[in-house]
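Engineer: Have a look at the structure that comes next, please.
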Amino acid sequence: MRAPRPILLLAAALLGLAVAGARVASAAATITIVNADGAGEGFNDATPAAPVGGNPGTTIGAQRLYVFQHAANIWGGILTSPIAIQVNAKFDPLTCTATTGVLGSAGPASLVRDFPAAPFTGTWYHIALANKLAGSDLSASYDINATFNSSVGGVACLPTGWYYGVDGNEGSQLELLPVVLHELGHGLGFSTTTSGSTGNYNSGFPGTFDHFLFDNSTGLHWNEMSAAQRAASAVSCAGLAFDGIATTGAAPARLGQAPVLTLTSPPGIAGDYDVGSAGFGPPLSGSPVTGPVALVNDGVGTVTDGCEALVPGSLSGQIALIDRGTCGFVVKVKNAQDAGAIGVIVADNVAGCPPAGMGGTDPTITIPSVRVTLADGNLIKANLGSGVSATMWVSPTRMAGADGVGRLRMYAPVPYASGSSVSHFDVSAEPSLLMEPAISNSLSNDVDLTVNAFHDIGWFAGVTGIGDAPPRVAVGFAGFSPNPTRSASAAVFDLASGENVDLSVYDFLGRLVARVASGHMTAGRHRVEWNGRDSSGRRVASGIYHCRLRTASFTDSRTVVVVR
């Protein structure tokens, strides 16, 4: 994965109902940036600047405002609303150091519930989304409040500075455009209104987002859980997911294959383990690197940290297990490579969630390496006496950033990270997603899976022919996930009303393979698993299969790939 990056924090929502106004726009959403800066600061900074990267502004302030309105126009061209959206925006000094900092924060200016046409009763909606759904202006004030870091570019605050172009050519600078797109995303609805630290609802009611926050350990959504369960879910590492059908259905086309460490022996620890990938050496691929695991011993100090040279040939044909600490990742991996290792597993030395990547640069490193948690490292060490065999690769059946059934993981680290936890996609997603908690230079003007999440929470209700899946208020079907699959796979779909349902799998010639579900189902969300077997209980062969969902009012067919 990636080295640590500047953090993007979400502002706390401002609460309250506002009186109705009358800001009416066209079907496409009109989003206007309102300059809240004082004279000579922020958007009004008169420091001369040369036009850059498609930005025609000739002052720092003008360039900032151009980027903001450019981001607003991108969202406005995607979303639909009859009510104009106003963003109260300004630049102020925010928390920052020379290497990391808060780039910006944003949230809804107000929340409303139980308005006409609200899809969920007793549920808070961000005001911009509520206005769209109600078809009328429920607030005479601003819809989004946004504050961005004016200190960026100073000696003590991320001195590389902002890049004000809109062409994605930021080089070593921080491109402002994806940060603005990200923060507007929060203000438009990509955030929970519930406290992740306490689990308490805002004024006793869940938010729209809570209906799609799914906890894998309890099998419940946040709107179905107790406050204590929600607080535990917010620090569940990889246990929290977003299960909107549009987002889940679009994920396979967006996400890459997940890097994994597969232990094949001894049987008691066999299975796939989450890893962080290295930013140096060859990346993991579909060509597995397999071998016995050996714990290093460099003979000095903490002998398992691999910081000193190892005996040449002592790791020939083996995957080295090395403890984190004392020296850099590249030093450890290079020492193992010089001793003949074919791969390296670096085990964390403190407890935590599945780790992020390993940074560093050394063009002479030619073997792959991964990072595992302290718990997983200890598990491997405890079984070395029985002979541990491992495979380092990218799994063809798992997506980077998704759980085992294809739901997007949400960011739920330990300890809880105020402003970042829960209301962001997890950092394990590859390629990087706009709504992760930190910026990546691979991001620019692509809103990726955020638009699919907006499908799920209601932004496209009543609109047909837009996006990768129908809105949640209708029958929705995104096929089976994970896809491709090795064994079990699950289909998630919503019914607007109770109907007779037939969900079946067919081979490429149209022959029935298995009837997965048949009979009457009530309105609401349903999740049905297919075990990868035919109607006689036999495992189906590798290949392409068709899964068809049929009701009295709806028929759709998707493909699922089985890999054995």
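The values are calculated or read from the model by the stated rules, or taken from the named source; none is laboratory data. Being a predicted model, the structure only gives us computed values, none of them experimental. All Cβ positions, glycine included, derive from the backbone under ideal geometry; neighbour counts span all protein chains shown. For the accessible areas, the whole protein counts, side chains as well, though only heavy atoms, and no ligand, DNA or RNA atoms are used. Shrake-Rupley method; radii C 1.70, N 1.55, O 1.52, S 1.80 Å.
Engineer: Would you point out the residue of the range 360-369, among those that are at pLDDT 95 or above and surrounded by 14 or more Cβ atoms within 10 Å (Cβ to Cβ), that is farthest from P267 (Cα to Cα)?
Structural biologist: Out of the qualifying residues, it is D362.
Engineer: Another question, if that's okay. Taking the options L315, L284, name whichever one is aliphatic (A, V, I, L, M) and either touching an Asp or Glu at 6+ places or on another chain (Cβ under 6 Å) or modelled with pLDDT under 95 (or both). Spell out how you get there, then give the answer.
Structural biologist: Numbers: L315 fails: either touching an Asp or Glu at 6+ places or on another chain (Cβ under 6 Å) or modelled with pLDDT under 95 (or both).
L284 is the lone residue from the list that is aliphatic (A, V, I, L, M) and either touching an Asp or Glu at 6+ places or on another chain (Cβ under 6 Å) or modelled with pLDDT under 95 (or both).
Engineer: Listed residues A429, A417, A461; which is under 12 Å from the mean Cα position of the chain (by Cα) and small (G, A, S)?
Structural biologist: Values: A417 fails: under 12 Å from the mean Cα position of the chain (by Cα); A461 fails: under 12 Å from the mean Cα position of the chain (by Cα).
Just a single option satisfies the conditions, and that option is A429.
Engineer: Next question, about the same structure. Quick check: is even one residue across the range 90-105 touching a Ser or Thr at 6+ places or on another chain (Cβ under 7 Å) and closer than 24 Å to F460 by Cα?
Structural biologist: Looking through the range 90-105, none of the residues is touching a Ser or Thr at 6+ places or on another chain (Cβ under 7 Å) and closer than 24 Å to F460 by Cα.
Engineer: Next question. Restricting attention to the range 370-392, which residues are hydrophobic (A, V, I, L, M, F, W, C), open to solvent by less than 30 Å² (accessible area, probe 1.4 Å) and within 24 Å of the chain's Cα centre (by Cα)? Before the answer, list the steps.
Structural biologist: Within the range 370-392, the subset hydrophobic (A, V, I, L, M, F, W, C) is 370, 372, 374-375, 379-380, 382, 384, 388, 390, 392.
Within this subset, residues satisfying the condition of being open to solvent by less than 30 Å² (accessible area, probe 1.4 Å) are 370, 372, 380, 388, 390, 392.
If the condition is that a residue be hydrophobic (A, V, I, L, M, F, W, C), open to solvent by less than 30 Å² (accessible area, probe 1.4 Å) and within 24 Å of the chain's Cα centre (by Cα), then V370, V372, M392 are the ones that fit.
Engineer: Moving on to the next point. Of the numbered conditions (1) farther than 21 Å from V394 by Cβ; (2) outside any loop (DSSP other than H, G, I, E, B), D298 fails exactly one; give the number of that condition.
Structural biologist: Of (1) farther than 21 Å from V394 by Cβ; (2) outside any loop (DSSP other than H, G, I, E, B), only one is false for D298: (2).
Engineer: A follow-up question, please. Looking at A62 and the list (1) surrounded by 18 or more Cβ atoms within 10 Å (Cβ to Cβ); (2) touching a residue at least 24 places away in the same chain (Cβ under 8 Å); (3) not in a strand (DSSP E or B), which single condition is not satisfied?
Structural biologist: (2)
Engineer: Counting only residues that are open to solvent by 10 Å² or more (accessible area, probe 1.4 Å) and of a type in the set (S, T, N, Q), which one in the range 470-493 is modelled with the lowest pLDDT?
Structural biologist: Here the residue is N483.
Engineer: Restrict the check to the range 161-171 and report whether at least one residue is open to solvent by less than 20 Å² (accessible area, probe 1.4 Å), out of contact with any Phe, Trp or Tyr (no Cβ under 6 Å at 6 or more places or on another chain) and assigned to a helix (DSSP H, G or I).
Structural biologist: No; the residues of the range 161-171 include none that is open to solvent by less than 20 Å² (accessible area, probe 1.4 Å), out of contact with any Phe, Trp or Tyr (no Cβ under 6 Å at 6 or more places or on another chain) and assigned to a helix (DSSP H, G or I).
Engineer: Any residue at all in the range 331-338 that is touching an Asp or Glu at 6+ places or on another chain (Cβ under 9 Å) and at pLDDT below 95? Please lay out each step first, then the result.
Structural biologist: As a first pass, look at the range 331-338 and keep what is touching an Asp or Glu at 6+ places or on another chain (Cβ under 9 Å): 331-335.
Remaining after also requiring at pLDDT below 95: none.
Checked the range 331-338: no residue is touching an Asp or Glu at 6+ places or on another chain (Cβ under 9 Å) and at pLDDT below 95.
Engineer: Can you tell me which residue is nearest to G479 (Cα to Cα) among those in the range 513-533 that are open to solvent by 30 Å² or more (accessible area, probe 1.4 Å) and outside any strand (DSSP E or B)?
Structural biologist: N531
Residue-by-condition table, conditions (1) in contact (Cβ under 8 Å) with a residue 24 or more places away in the chain; (2) out of contact with any helix residue (DSSP H, G or I) (no Cβ under 9 Å at 6 or more places or on another chain); (3) among the hydrophobic types (A, V, I, L, M, F, W, C):
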| position | (1), (2), (3) |
| --- | --- |
| F148 | yes, no, yes |
| C157 | yes, yes, yes |
| Y163 | yes, no, no |
| V166 | yes, no, yes |
| G171 | no, yes, no |
| L174 | yes, yes, yes |
| L184 | yes, no, yes |
| G187 | yes, no, no |
| T193 | yes, no, no |
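Engineer: Here's something else I'd like to know. Listed residues A228, A253, A241; which is surrounded by fewer than 16 Cβ atoms within 10 Å (Cβ to Cβ), modelled with pLDDT of 95 or more and either under 19 Å from the mean Cα position of the chain (by Cα) or not aromatic (F, W, Y) (or both)?
Structural biologist: The conditions single out A228.
Engineer: Taking the conditions exactly as written (over 17 Å from the mean Cα position of the chain (by Cα), among the small types (G, A, S), under 18 Å from N383 (Cβ atoms) and open to solvent by 10 Å² or more (accessible area, probe 1.4 Å)), does S265 satisfy them or not?
Structural biologist: Details: over 17 Å from the mean Cα position of the chain (by Cα): yes; among the small types (G, A, S): yes; under 18 Å from N383 (Cβ atoms): yes; open to solvent by 10 Å² or more (accessible area, probe 1.4 Å): yes.
Yes, satisfied.
Engineer: While we're on this one: Whether any residue in the range 333-341 is under 28 Å from the mean Cα position of the chain (by Cα) and open to solvent by less than 30 Å² (accessible area, probe 1.4 Å) is what I want to check. Talk me through it step by step, then tell me what you get.
Structural biologist: First pass over the range 333-341, keeping only residues under 28 Å from the mean Cα position of the chain (by Cα): none.
No, the range 333-341 has no match at all.
Engineer: Follow-up question, since we're still on this one. Can you pull out every residue in the range 435-458 that is under 17 Å from F242 (Cα atoms) and either assigned to a helix (DSSP H, G or I) or among the β-branched types (V, I, T) (or both)? Walk me through how you get there before you give the answer.
Structural biologist: We begin by selecting, within the range 435-458, every residue under 17 Å from F242 (Cα atoms); these are 435-437, 447-458.
Of everything in the range 435-458, those that are under 17 Å from F242 (Cα atoms) and either assigned to a helix (DSSP H, G or I) or among the β-branched types (V, I, T) (or both) turn out to be V447, T450, V451, N452, A453, F454, H455, D456, I457.
Engineer: Got a number for residues in the range 92-118 being part of a strand (DSSP E or B) and under 24 Å from G189 (Cα atoms)?
Structural biologist: 10
Engineer: Report the residue count in the range 414-434 for those that are on the phi < 0 side of the Ramachandran plot, of a type outside the set (S, T, Y), assigned to a loop (DSSP other than H, G, I, E, B) and surrounded by 20 or more Cβ atoms within 10 Å (Cβ to Cβ).
Structural biologist: The number of residues fulfilling the criteria is 7.
Engineer: Among the residues of the range 88-103, is any among the charged types (D, E, K, R), open to solvent by 40 Å² or more (accessible area, probe 1.4 Å) and within 14 Å of F148 (Cβ to Cβ)?
Structural biologist: Of the residues in the range 88-103, the ones among the charged types (D, E, K, R) are 90, 92.
When the remaining residues are screened for being open to solvent by 40 Å² or more (accessible area, probe 1.4 Å), the result is 90, 92.
Next, from what is left, pick out any that are within 14 Å of F148 (Cβ to Cβ): 90, 92.
So far as the range 88-103 goes, yes, one or more of its residues are among the charged types (D, E, K, R), open to solvent by 40 Å² or more (accessible area, probe 1.4 Å) and within 14 Å of F148 (Cβ to Cβ).
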